[in-house]
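Data block below; observations after.
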Amino acid sequence: DFDDDKGDYKIVFGDDIHYRYEILDILGKGSFGQVIKVQDHLRKKPIALKIIKSRQRYTEQARIEIELLKLFRNIDVENKYNIVHLEDDFVFRGHVMITFELLGLNLYELLKRNSFRGLSVGLVKRFSYNVLQSLALLAKNYVIHCDLKPENVLLSDTNLMSVKLIDFGSSCYINQRVYTYIQSRFYRAPEVVLGIPYTSAIDIWSFGCILVELYTGIPIFPAKNEKELINFIVEVLGMPPVSLIIQGTRSQIFFSDPSEKVNLLESNLKKAPGSRTIRSILKGADENFIQMIEGCIQWEPKCRITAINALKSPWFIENVETASKTTTRRCKISIEDITKHTPQLQKFIAGR
Ligand code: ATP
Ligand code: MG
Ligand code: MG
């Protein structure tokens, strides 16, 4: 919704930024600005540079992004929690600029390059473990990411078997929630839609949605608007508990008076409430995987699994390799693809 080009930095290939960073390529474009690949002539290596739009709203939020990235850099000196490493930040020609370690493709691009056929359970499991480590560290420090989605999870440039979490441009501390309009719609938790004070559980909701998408290749709730989103969620989970509806400042947009039987005001259900189960969406997936996702995709934030507990789930304890062997059908990208065919795959996923 903030998708206009006003305030964008004008990128000229071959130009130097801050007398040090030579522009090589464009890596991505988001709502906050542009991310480019640059050659750092001081440290003599390629890195990623995020150029924030020069408008006040973005500049202020970028300050928070930088503060949080510095916090994680200090806590996570060994860089084992899979959070993108911030190198530097400065202002150049009125734009806040942030430099990062260079990472690889984002997971949306990875899915796209495999024609949305999804990844093997084994690979989903590896990536999930990485993301949960990041989420556990965030929750421990009372930070909510607020924009977890495949575009914000990137393959590590040096190790294709692991991913890192990026984009703290919408993040906040639990006790300093600024915005009510957060998260990308497909991954937006119901409490955000309904206008209920949110917690780290919104990241877990998004995480659950990502798990389904990585496995099937397609988003679980690809809604065009919030009413459709609520309809899609009802198809999977049934009607929300009254206890949740009565807390929401926006519940009356979607649901009838909760003192009577709860109904959708505008019902566009293609399936009966609760009939599109996670199990049916993931046909054939193993039980521990289904349970992990069911633990994340729950109406009630308090009932969702926490990152710390998810890391201890049986899904991670069962052998990763055995799990992946049963699921290399359907042209999904598997761990074996990544390990045995690294050169080809590297070429295949070399977006840059
Ligand atoms: P959003 O619209 O999600 O808020 P944003 O404007 O905050 O996006 P980022 O998500 O930080 O921007 O970056 C946009 C894209 O640029 C990412 O999805 C990714 O593809 C690419 N990108 C970002 N950081 C890096 C990096 N360190 N290495 C390689 N590519 C990156
Ligand atoms: Mg982003
Ligand atoms: Mg962002």
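Every number in this text was worked out from the coordinates using simple rules, so none of it is lab data. For clarity, every value in this text was computed on a predicted model and none was experimentally measured. Here Cβ is always computed from backbone atoms with ideal geometry, including for glycine, and neighbour counts include all displayed protein chains.
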- Looking only at region 11-27, and only at residues there that are surrounded by fewer than 19 Cβ atoms within 10 Å (Cβ to Cβ) and in contact (Cβ under 8 Å) with a residue 60 or more places away in the chain, the one that is nearest to the chain's Cα centre (by Cα): Asp25
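Suppose we filter Ile245, Ile218, Ile233 for residues that are within 23 Å of Lys283 (Cα to Cα) and crowded, with 18+ Cβ neighbours inside 10 Å; which single one remains? Working first, answer last.
Values: Ile245 fails: within 23 Å of Lys283 (Cα to Cα); Ile218 fails: crowded, with 18+ Cβ neighbours inside 10 Å.
When all the criteria are applied, what remains is Ile233.
Residue-wise test of (1) under 27 Å from Arg117 (Cβ atoms); (2) within 14 Å of ligand 3 (Cβ to nearest atom); (3) among the small types (Gly, Ala, Ser).
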| position | (1), (2), (3) |
| --- | --- |
| Asp147 | yes, yes, no |
| Asn159 | yes, no, no |
| Leu165 | yes, yes, no |
| Cys172 | no, yes, no |
| Val212 | yes, no, no |
- Looking only at region 163-198, count how many residues are more than 16 Å from ligand 2 (Cβ to nearest atom) and either crowded, with 19+ Cβ neighbours inside 10 Å or under 12 Å from the mean Cα position of the chain (by Cα) (or both). 8
- Query: Quick one: how many residues across region 20-37 are not in a strand (DSSP E or B) and not aromatic (Phe, Trp, Tyr)?
  - Reply: 3
- Task: Return only the number of the condition from (1) within 25 Å of Asn74 (Cα to Cα); (2) part of a helix (DSSP H, G or I); (3) of a type in the set (A, V, I, L, M) that Val124 does not satisfy.
- Result: (1)
- Report, by residue number, each residue of region 143-162 that is within 10 Å of ligand 2 (Cβ to nearest atom), touching a Leu at 6+ places or on another chain (Cβ under 9 Å) and among the charged types (D, E, K, R). Lys149, Glu151
- Task: Among the candidates Ile182, Ile218, Ile230, single out the residue that is closer than 27 Å to Asn114 by Cβ and among the aliphatic types (A, V, I, L, M).
- Result: Ile218
- Message: Condition (residue is of a type outside the set (Asp, Glu), surrounded by 13 or more Cβ atoms within 10 Å (Cβ to Cβ) and in a loop (DSSP other than H, G, I, E, B)) applied to region 38-51: is it met by at least one residue?
- Response: no
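If we scan region 74-85, do we find a residue that is under 25 Å from the mean Cα position of the chain (by Cα) and in a helix (DSSP H, G or I)?
So in region 74-85, the residues under 25 Å from the mean Cα position of the chain (by Cα) come out as 74-85.
Okay, now just the ones that are also in a helix (DSSP H, G or I), so 74-75.
The answer is yes, given that some residue of region 74-85 is under 25 Å from the mean Cα position of the chain (by Cα) and in a helix (DSSP H, G or I).
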